[in-house]
Amino acid sequence: MSTTTDTSKSADTKQKSALITGITGQDGSYLTELLLGKGYKVYGVVRRSSTENFERIGHLTDRVELIQADLLDQSSLVKALETARPREVYNLAAQSFVPTSWGQPVLTGEFTALGVTRILEAVRAVDPGIRFYQASSSEMFGRVLEVPQKETTPFYPRSPYGVAKVYGHFITVNYRESYDLFAVSGILFNHESPRRGLEFVTRKVSDGVARIKLGLARELRMGNLESRRDWGFAGDYVDAMWRMLQQDAPDDFVVATGETHSVRELVEVAFGRVGLDYREYVVEDPAFIRPAEVDLLIGDPAKAREKLGWTPETSFRELVHAMVDADLARLTARGGAGVVK
Ligand code: NDP
Ligand code: GDP
């Protein structure tokens with residue numbers, strides 16, 4: 001890894017450059033691969049921690065420049081932009097797990113809501129010509145007011161996370177309108193991968209299925225099996241982010257598959273992948289029921305298809321199978337049935 005505070009790097013070079021906040025996250029890792037493949041110089045913002053957290057970008061750290069900064073610290077963001085002088089900024093950093101947002105609502109607001117204003121202010125101060133992407137979320141639709149959800153559907157968030165994302169969305173729109181920034185909001189529906197955090201439902205299920213198959217666990221404790229999501233593959237979705245910043249004019253887009261599946265279908269497909277019947281292993285546990293639920297999400301990606309030329313390439317079934325296969329391979333490599341849980 002190379003961490004830099006060198007301010008001599010500049011945008012003078014013709015090479016396209018991007019700064020990614022949240023580079024250590026699921027989307028940050030896929031976006032970095034995409035941009036490196038397109039010849040970008042990539043800078044990543046990482047926050048200080050007592051141990052390195054580069055599990056998802058370990059294979060990329062010799063090809064990117066990591067800069068220490070934090071969404072909670074305005075001056076660190078200004079310095080990061082002065083160091084990198086990027087053409088594009090992708091603001092992916094957030095407290096992104098919905099249940100944690102009830103336990104830590106103020107912190108979620110600081111990171112996920114006000115953090116967006118801090119980085120937009122840094123953009124204004126350092127280079128208003130920067131193209132800015134904000135990672136907005138289908139959680140903003142919450143108790144949905146329209147089916148399917150599109151760019152014009154009103155928001156009705158159902159968690160402190162959703163509320164914080166609504167703030168992030170509108171401050172992005174407001175800075176575009178107030179200061180003429182090229183600032184866009186991608187309203188992305190749930191997107192998953194083998195790199196998804198273990199607490200999110202798809203990864204919890206793929207990991208749980210692999211553990212049960214390998215004899216490391218006997219049951220999988222779950223919350224609401226009836227809620228429905230529009231799940232896509234993260235690798236497909238980062239391409240939509242990039243396309244949004246290549247448009248002639250800034251605009252907001254829904255990014256979704258247009259299909260919805262229940263959590264019950266998810267467990268059925270995942271257990272089916274290894275020849276098991278989910279009804280023998282899944283235990284419904286009230287501990288995973290949320291104070292307020294988002295029952296149904298299904299996006300309408302028509303605008304992204306028409307204006308960005310974007311379509312998802314991975315089906316729900318392919319995605320779930322790939323995640324189960326990856327967790328089986330990972331746990332088997334670690335020693336399979338010999339692994340301590
Ligand atoms: P992850 O949770 O995997 O990654 C979040 C990233 O944010 C991590 O790199 C984390 O760093 C970083 N981060 C958190 N707090 C701070 C902070 N104070 N300062 C700097 N960095 C910070 O999220 P995803 O990759 O799944 O999602 C990317 C973005 O897209 C998020 O904003 C998320 O809310 C949004 N989104 C995601 C969807 C999805 O389905 N995945 C759907 C719609 C929107 P660290 O590694 O140090 O914790
Ligand atoms: P979210 O849409 O951002 O909240 O993504 P999650 O993957 O965390 O949750 C998706 C849906 O799965 C929600 O409706 C949850 O209530 C539901 N769900 C059911 N059981 C679980 C579980 O054990 N963990 C999680 N994370 N979600 C669960």
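In square angstrom, rounded to the nearest 10, how much accessible surface does PHE170 have for a 1.4 Å probe?
About 110 Å², rounded to the nearest 10.
Using mean Cβ contacts within 10 Å as the protection proxy, how do 298-309, 15-26 order, highest first?
Going from most to least packed, we get 15-26, 298-309.
As I understand it, the dipole of the chain uses +1 on the Cβ of Lys and Arg and -1 on the Cβ of Asp and Glu, about the Cα centre. Which of GLY142, ALA240, VAL45 lies farthest toward its positive end?
So the residue we want is VAL45.
What residue among TYR90, TYR179, TYR30 shows peak mean-square fluctuation when the chain is described by a Gaussian network model with Cα springs under 10 Å?
TYR179
Among DSSP beta bridges lying fully in the chain, give the percent that are antiparallel, nearest 5.
5
Roughly how many percent of the accessible protein surface of the chain is carbon and sulfur, given a 1.4 Å probe and a whole-percent answer?
C and S fraction of accessible area: 49 percent.
Taking the full set of protein chains and a 1.4 angstrom probe, give the accessible area of ARG87 in square angstrom, rounded to the nearest 10.
Accessible surface of ARG87 is approximately 90 Å².
How do 41-49, 276-284 rank on mean C-beta neighbours within 10 Å, highest first?
Top of the packing list down: 41-49, 276-284.
Could you state the angle between the C-alpha long axis of helix 234-245 and the longest principal axis of the C-alpha atoms of the chain, as a value from 0 to 90 degrees rounded to the nearest 10?
Tilt of helix 234-245: around 20 degrees.
Would you list GLU33, GLU199 from the most to the least accessible area, probe 1.4 Å?
Largest to smallest exposure gives the sequence GLU199, GLU33.
With the other protein chains left in place, how much accessible area per residue, in square angstrom, belongs to the chain at a 1.4 angstrom probe?
Ligands and nucleic acids excluded, the result is 44 Å² per residue.
Is it possible to state the helix-based mean residue ellipticity at 222 nm for the chain, with each DSSP H run of 4+ residues giving -39500 (n - 2.57), the sum divided by total residues, to the nearest 500 deg cm²/dmol? What is it?
Taken over the chain, the calculation gives -11000 deg cm²/dmol.
Can you pull the accessible area of HIS321 for me, 1.4 Å probe, Å² to the nearest 10?
Answer for HIS321: close to 40 Å² accessible.
Expressed as an acute angle from 0 to 90° and rounded to the nearest 10, what is the orientation of the C-alpha long axis of helix 115-126 relative to the principal long axis of the chain?
Its long axis makes an angle of about 30 degrees.
How high is the relative contact order of segment 141-284, in percent, with contacts defined as C-alpha pairs under 8 Å that are six or more residues apart?
Dividing the mean separation by the residue count of segment 141-284 yields 26 percent.
If you line up the long axis of helix 201-213 against the longest principal axis of the chain, both from Cα atoms, how many degrees apart are they, to the nearest 10?
Taking Cα atoms only, the helix is inclined about 40 degrees.
Exceeding 24 Å between C-alpha atoms, which entries from my cross-link table qualify? They are LYS38/LYS79; LYS79/LYS307; LYS14/LYS79; LYS150/LYS307; LYS16/LYS307; LYS79/LYS303.
Exceeds cut-off: LYS38/LYS79; LYS79/LYS307; LYS79/LYS303.
The values are calculated or read from the model by the stated rules, or taken from the named source; none is laboratory data. Keep in mind it's a predicted model, so treat the numbers as computed, not measured. So basically every Cβ, Gly included, is an ideal-geometry build from the backbone, and we count neighbours across all protein chains shown. These accessible areas exclude ligands, DNA and RNA; they are computed on the full protein's heavy atoms, side chains included. Shrake-Rupley method; radii C 1.70, N 1.55, O 1.52, S 1.80 Å.
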